[in-house]
Every structure is written in structure tokens, then in C-alpha cells.
Amino acid sequence: MKKSVLTRYRVLAYVTGVLLVLLVIGMIAKYLLDMDVSGAVRLIAIAHGWLFVLYLVFAFDMGSKAKWSFGKLAWVLVAGTIPTAAFFVERKAVKELEPLIVDDASRVTA
């Protein structure tokens, strides 16, 4: 597996995870604390929604290249919808997949 596949998944996992945490904080502020943060919550929600779609594409691509089972792939895909879960799942996926990374230079000489 190329390192770029894992890198783009990692970036999107962190970005969607941070945006989801910010969205939860914004929703708590809006509905429980009666703060007027509607504009910020809307902006964060839209950004998270679009970037979550990219996260799904990159996670599916990574999982299919790693030949993961459906259950493991589903858990990685769902992790972007549970606040902070993406951070833990990303670490576990990286630990499992880093030994499978093939350097482009070694493929050329082999």
C-alpha cells in the first residue's frame, strides 16, 4: 500500500474528528446554554458534512486496499460520526497498516 493512501486517510480523520467535536460543542452552546452561535454551527456543520464524504471515500479506499473485512471497514467508516472515535480508530488503523506501506523507491528497484 502506498503511504499517500494512509496519509490522506489520517488527515481527513483528524479534520473530521476536530470538526465533529466543534460541532458538538456548538450544539451544546446553542441548545443547552442558549447562546447565539447559529452561524458558526451552520458553517461547521456544512464543512464537516462535505469533508465527511471525503473521509468515507478515503477510508473505503484504504480499507479495500488493506483487504479488511466488512465489519472492520464499517467501524472505520462509522468512526467519523462518533465524537472523538475517529482519533482512536485512526491510531489503531495506522498501527496496523504502517508495516504494509511500500516505498515507491523500493518498488522501482525490485
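A quick yes/no check of all residues on (1) more than 15 Å from THR7 (Cα to Cα); (2) at pLDDT 90 or above; (3) acidic (Asp, Glu):
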residue: ASP36; (1), (2), (3): yes, no, yes
residue: PHE52; (1), (2), (3): yes, yes, no
residue: VAL57; (1), (2), (3): no, yes, no
residue: ASP61; (1), (2), (3): no, yes, yes
residue: LYS95; (1), (2), (3): no, yes, no
residue: ILE101; (1), (2), (3): no, no, no
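For the range 1-38, enumerate the residues that are outside any helix (DSSP H, G or I) and of a type in the set (Val, Ile, Thr). Spell out how you get there, then give the answer.
The initial filter retains those residues of the range 1-38 that are outside any helix (DSSP H, G or I), namely 1-2, 33-37.
Of everything in the range 1-38, just one residue is outside any helix (DSSP H, G or I) and of a type in the set (Val, Ile, Thr), namely VAL37.
Step by step: first the residues of the range 3-38, then only those that are β-branched (Val, Ile, Thr) and open to solvent by less than 60 Å² (accessible area, probe 1.4 Å), then the one that is nearest to LEU97 (Cα to Cα). Which residue is that? Step through it out loud before you land on a result.
Step one: filter the range 3-38 for residues β-branched (Val, Ile, Thr), giving 5, 7, 11, 15-16, 18, 21, 24-25, 28, 37.
Adding the requirement that they be open to solvent by less than 60 Å² (accessible area, probe 1.4 Å) leaves 5, 15-16, 21, 24, 37.
Values: VAL5: 10, VAL15: 20, THR16: 20, VAL21: 26, VAL24: 30, VAL37: 40 Å.
The extreme case among them is VAL5.
For the range 61-77, a residue qualifies if it is loosely packed, with under 15 Cβ neighbours inside 10 Å and touching a helix residue (DSSP H, G or I) at 6+ places or on another chain (Cβ under 8 Å), and the qualifying residues are ASP61, SER64, LYS65. Is it the case, given these coordinates, that VAL41 is open to solvent by less than 40 Å² (accessible area, probe 1.4 Å), in contact with a Phe, Trp or Tyr (Cβ under 9 Å, 6 or more places away or on another chain), without any contact (Cβ under 8 Å) to a residue 40 or more places away in the chain and in a helix (DSSP H, G or I)? No. Residue count for the range 54-103 under the criterion of being part of a loop (DSSP other than H, G, I, E, B), among the aromatic types (Phe, Trp, Tyr) and touching a Lys or Arg at 6+ places or on another chain (Cβ under 8 Å): the result is 0. Inspection of the range 88-99 finds a residue satisfying the criterion of being exposed (fewer than 11 other Cβ atoms within 10 Å of the Cβ) and without any contact (Cβ under 8 Å) to a residue 24 or more places away in the chain.
The values are calculated or read from the model by the stated rules, or taken from the named source; none is laboratory data. Please read all numbers here as calculations on a predicted model, not as lab measurements. Please note: Cβ atoms are built from the backbone with ideal geometry, for glycine as well, and neighbour counts cover all protein chains shown. These accessible areas exclude ligands, DNA and RNA; they are computed on the full protein's heavy atoms, side chains included. Shrake-Rupley method; radii C 1.70, N 1.55, O 1.52, S 1.80 Å.
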